[in-house]
């Protein structure tokens, strides 16, 4: 078992939680009062939520697009946000990165060395030469897109190749790549039967990043039942908007804490 998996399990056990809070910064949704009362509203928003939820989660997942859209200011906000996350909580940098050869190497360097992420979401479409630069970081994890949570995932991922869905062939290939480093899967809660199939295929040592709970309507009970391993672990269950935008008032951080607590407890009910 890799050092990443050991750290992830430690984080899950420490806080008795499989919850990952997705950190987006959307100016249209952040409590308006922050732009009047705070000198650094985006940073205050993210760090306040981290401070209120850090004992309830196993991971945080900054969505890089929301930060990059703000240019150099977004880079500053992202770094401030990451710095606030406790060292024993996993940081997943969500950008679905990839390209070939040296470009993939630079993406990996940016995410793992420059931003100090513990894990990243990676597109496997280019094959192993585009993924191995990420896997070369032995203490990190690459969560590879496999069965995504969006409605049009079926457009490509369900395509049949020799009577087998493409997403299954992707998972089987990723399983082979485990010899190079820590491979996780992105598998959506909105497709529970596929999630069950993927857990059986990948086994108990593969970490899963599971989006689709909350606004997308994923079923918590099925997600826990089908997504976790035999020990009820290694499933990182993400919720973003339901938590961080639980309130637009001055109680936004407390509301995020309340929503995170509810999700952690309902997940643990089914573990």
_Looking at (1) crowded, with 20+ Cβ neighbours inside 10 Å; (2) under 30 Å from residue 14 (Cα atoms), which one does residue 131 not meet, given that it meets all the others?_
(2)
*Looking at (1) surrounded by fewer than 18 Cβ atoms within 10 Å (Cβ to Cβ); (2) in contact (Cβ under 8 Å) with a residue 12 or more places away in the chain; (3) assigned to a helix (DSSP H, G or I), can you tell me which one residue 110 breaks?*
(2)
*List the helices (runs of 4 or more DSSP H) that sit entirely inside segment 1-99 and contain at least 2 residues that are in contact with a strand residue (DSSP E or B) (Cβ under 9 Å, 6 or more places away or on another chain) and surrounded by fewer than 22 Cβ atoms within 10 Å (Cβ to Cβ).*
3-15, 64-68
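Those residues that are assigned to a helix (DSSP H, G or I), touching a helix residue (DSSP H, G or I) at 6+ places or on another chain (Cβ under 9 Å) and surrounded by fewer than 16 Cβ atoms within 10 Å (Cβ to Cβ), I need them from segment 234-257; list them, please.
Listed by number, the list holds a single entry, 254.
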*asked:* Condition check: at pLDDT 95 or above and within 30 Å of residue 45 (Cα to Cα). Does residue 128 satisfy that?
replied: no
_Suppose the filter is within 25 Å of residue 50 (Cα to Cα) and exposed (fewer than 15 other Cβ atoms within 10 Å of the Cβ); does residue 261 pass it?_
no
_I'm trying to understand the selection: among the residues of segment 222-233, which are touching a strand residue (DSSP E or B) at 6+ places or on another chain (Cβ under 6 Å) and surrounded by fewer than 23 Cβ atoms within 10 Å (Cβ to Cβ)?_
228
*How many residues are out of contact with any helix residue (DSSP H, G or I) (no Cβ under 6 Å at 6 or more places or on another chain) and over 23 Å from residue 19 (Cβ atoms) if we restrict to segment 69-103?*
12
*Every residue from segment 104-139 that is over 25 Å from residue 169 (Cβ atoms) and touching a helix residue (DSSP H, G or I) at 6+ places or on another chain (Cβ under 9 Å)*: 105, 106, 109, 111, 112, 115, 116, 117, 118, 137, 138, 139
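The values are calculated or read from the model by the stated rules, or taken from the named source; none is laboratory data. Treat the numbers as computed from the prediction; the structure is a model and nothing was measured. Backbone-built Cβ (ideal geometry, glycine too); neighbour counts: all protein chains shown.
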